[in-house]
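Take a look at the structure below.
No value in this document is a laboratory result; all are computed from the given coordinates. Remember, predicted model here, so these are calculated numbers, not experimental data. All Cβ positions, even for glycine, are placed from backbone atoms using ideal geometry, and neighbour counts span all protein chains on display.
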Amino acid sequence: MSETVEISAEIPDWNREAVRCFWDPGPKLIRSIRRYQDAKSRSGIWGQITSKYWVLVHRFWSVITQSEIHLHMEIGGGLMLPHPTGIILHPDCTLGVNCLIFQQVTISNAVKVGGHVDFGAGAKILGPLQIDDHAAIGANAVVTRDVKAHETWVGIPAKPL
Ligand SMILES: CC(C)(COP(=O)(O)OP(=O)(O)OC[C@H]1O[C@@H](n2cnc3c(N)ncnc32)[C@H](O)[C@@H]1OP(=O)(O)O)[C@@H](O)C(=O)NCCC(=O)NCCS
């Protein structure tokens, strides 16, 4: 019997963020946030200069993708943005590891997202609320309530499948 390997909700898979070529907007946008946060965590002039450089890089990819993912956001490793356009994430929302966000997703207010949560295209999450590990949000769903682990929610307003 073949075994399905489940994506972890705890251990980040950094390969999911790997930049594959120069024009790779999703991974490049995420990388600018990672590098900015890394530079900011260092003291001294070098940290200041590099953080400013990564702010510029972040602005560039934000314009290209027409997305707003704040530089100070808490984002677990392994975030995938396969079609990174029009993604708006509130700075107070937090993402666990190995999440996946398709195009035109909006997360408003302080939404706490667990590990390995997938957001279908156009999903809207109207917080504050919590989405637990291994949940899936369907394309164009409008989520207004807490989502439990392993649940799939679809529709407007979204309900569990
Ligand atoms: C929500 C989702 C994860 C469910 O996948 P699944 O578990 O394989 O579910 P199924 O396709 O078997 O559908 C189960 C039921 O939910 C309904 N459903 C599935 N997705 C839905 C959605 N986004 N909105 C409303 N209903 C949906 C189906 O019509 C079906 O209803 P039925 O039982 O009355 O026939 C998936 O449909 C989805 O929306 N994925 C997002 C994919 C995406 O955004 N891709 C972008 C690529 S560019």
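Here are the numbers for the structure shown:
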{"item": "Test: Asp133 is farther than 30 Å from Phe60 by Cβ, more than 13 Å from the ligand (Cβ to nearest atom) and of a type outside the set (S, T, N, Q)", "result": "yes"}
{"item": "Candidate set: segment 145-159, residues that are in a loop (DSSP other than H, G, I, E, B), aliphatic (A, V, I, L, M) and within 12 Å of the ligand (Cβ to nearest atom); chosen: the one surrounded by the fewest Cβ atoms within 10 Å (Cβ to Cβ)", "result": "Ile156"}
{"item": "Near pairs, Cβ below 7 angstrom, 6+ apart or cross-chain, from segment 141-161 (farther than 17 Å from Gly122 by Cα and without any contact (Cβ under 8 Å) to a residue 60 or more places away in the chain) to any residue that is more than 12 Å from the ligand (Cβ to nearest atom) and of a type in the set (Lys, Arg)", "result": "none"}
{"item": "Test: residue in segment 73-87 that is in contact (Cβ under 8 Å) with a residue 24 or more places away in the chain, in a loop (DSSP other than H, G, I, E, B) and more than 23 Å from Asp24 (Cβ to Cβ)", "result": "no"}
{"item": "Members of segment 88-103 that are under 9 Å from the mean Cα position of the chain (by Cα) and within 15 Å of the ligand (Cβ to nearest atom)", "result": "Cys99, Leu100, Ile101"}
{"item": "Candidates Val63, Val57, Val142 - the one that is of a type in the set (A, V, I, L, M), touching a helix residue (DSSP H, G or I) at 6+ places or on another chain (Cβ under 8 Å) and surrounded by fewer than 22 Cβ atoms within 10 Å (Cβ to Cβ)", "result": "Val57"}
{"item": "Residues of segment 104-123 satisfying the condition of being buried (at least 20 other Cβ atoms within 10 Å of the Cβ), of a type outside the set (Val, Ile, Thr) and within 15 Å of the ligand (Cβ to nearest atom)", "result": "Gln104, His116, Phe119, Gly120, Ala123"}
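Residues checked against (1) closer than 27 Å to Gln130 by Cα; (2) in contact with a Cys (Cβ under 7 Å, 6 or more places away or on another chain); (3) assigned to a loop (DSSP other than H, G, I, E, B); (4) away from the ligand (no atom under 16 Å from the Cβ):
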position	(1), (2), (3), (4)
Ser8	yes, no, yes, yes
Gln37	yes, no, no, yes
Gln48	no, no, no, yes
Ser62	yes, no, no, yes
